[in-house]
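Remarks on the structure that follows.
The values are calculated or read from the model by the stated rules, or taken from the named source; none is laboratory data. Values in this document were obtained by computation on a predicted structure and should not be read as measured data. Because the Cβ atoms are built from the backbone with ideal geometry, glycine has one as well, and the counts that use them run over all protein chains shown. These accessible areas exclude ligands, DNA and RNA; they are computed on the full protein's heavy atoms, side chains included. Shrake-Rupley method; radii C 1.70, N 1.55, O 1.52, S 1.80 Å.
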Amino acid sequence: MGLIRAAAAAAGTTLADQWLELYVADSLDNDTLMVRGRVQNNRASSNKHGSDNIITNGSGLLVADGQCAIIVDQGEVVEVCAEPGYYTYDQSSEPTIFKGDLADSVQAAFETMMKRFTYGGDTGKDQRIYYFNTKEILDNKFGTATPIPFRVVDASIGLDIDVSFRCAGVYSLHVCDPIVLYKNIAGNVASEYRVSDMTDQLRAEFIGALQPAIAKLSDLGIRPSQIPAHVSELCSYMNDALAPKWRAQRGIEIVNITINSATIPEADEELIKNAQKAKLNADPVMRAAQNAAATQDSMRAAASNQNGAAGAFVGMGMAQNAGGQMQGVYEQAAAQAAAAQPAAQAGSWTCSCGTVCTGNFCPSCGAKKPSAGFCPECGAEVSAGAKFCPNCGKQL
């Protein structure tokens, strides 16, 4: 009785799998990475009992934009459809009487039925179609739960410190290698594999790669507040850091990163501002200009004296006296700076490469300072264009 049941099941499943089928995938949402292809059936279709794990020879495969399909036969990827369009599968080991010569097809179907008889009526095979979402997967949030070190370098003020940096934002990714994703992560799922299935792992690895990427930005002299304007460089650094794990082991890569906030502690920010102010105060001209501006503010405040016109005139007179003194300081500082400029450039010479030099050799090309000869009085070397000997003062 068991043999009769097996024979009937083998015949029934073989005949049910003779119908040609059209495999499709429903619209893939933003969270879906991979789904198993389904047979498109409507109410009027007679194909109601076909096997889920058999692809009939000659069946169709529909691939839409933003999708990639693979065919897995006996656990092995045998076909990849990466371009949108309609495909016909004609390499199946499962024959059909609706394709090719009828006699040959019937003979092949009978042989298939006999093989299924040995499996108790089951197919004894496993063929599947999987669809991958190749569109950009958006809105993957990230944030630094703990601050990461960021080196702030400003050569103009001699600043080189490490600050605590925090940032938050979103990134997008896409499937760049469906076969790698199937083999290493999402293989042989019952229905679908989603981004949410590995969100925690991705976020942890993303934050781990963020620190060396941020360090490379700081090496370029970029400040924390400037990072949102350099997301293209950040994406490149992140992909370089994550390539061994994400691209090689999971078949995905980062497309874009958006930084919504980038902050450092108020204490570190105040430290940077104080260093900038100290640099300004070290310049006598800038310091005098700040004092002059402060004097003008004092004069305006004195002019608005609430004690009447007499008090206002007295206040303005005092402010003018102070302002005159500060103006004198400002003019003196400016004069000193102007006098120091030629002094700093005294004795300089221009090399043939265009570099202005002060020593005996050019720091850019190494050329020696040109010489006009020697002093006839003391024999000292004299530079070109000199009118007096720098050693004894003799007129040349």
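Remark on Ala367: its backbone amide H falls under 5 Å from those of Cys362, a criterion applied only to residues 5 or more positions apart or on other chains, H modelled at 1.01 Å from N.
Label-to-label distance, Asp139 versus Ala168, with points set 7 angstrom from Cα along the beta-carbon direction: 1.7 nm. In the assembled protein chains, Asp65 presents an accessible area of approximately 120 Å² (probe radius 1.4 Å). Residue by residue, region 173-185 carries 3J(HN,Hα) couplings of 9, 8, 7, 9, 9, x, 5, 5, 4, 5, 5, 9, 10 Hz when phi is fed to the Karplus relation 6.51 cos²θ - 1.76 cosθ + 1.60 (θ = phi - 60°); x denotes Gly or Pro.
Working from label points 7 Å from Cα in the Cα-to-Cβ sense, the Ile179 to Gln276 distance is 5.4 nm. Computed from label points 7 Å out along Cα-Cβ, the spacing between Glu233 and Asn360 is 4.2 nm. For Lys369, the solvent-accessible surface with a 1.4 Å probe is about 50 Å², rounded to the nearest 10.
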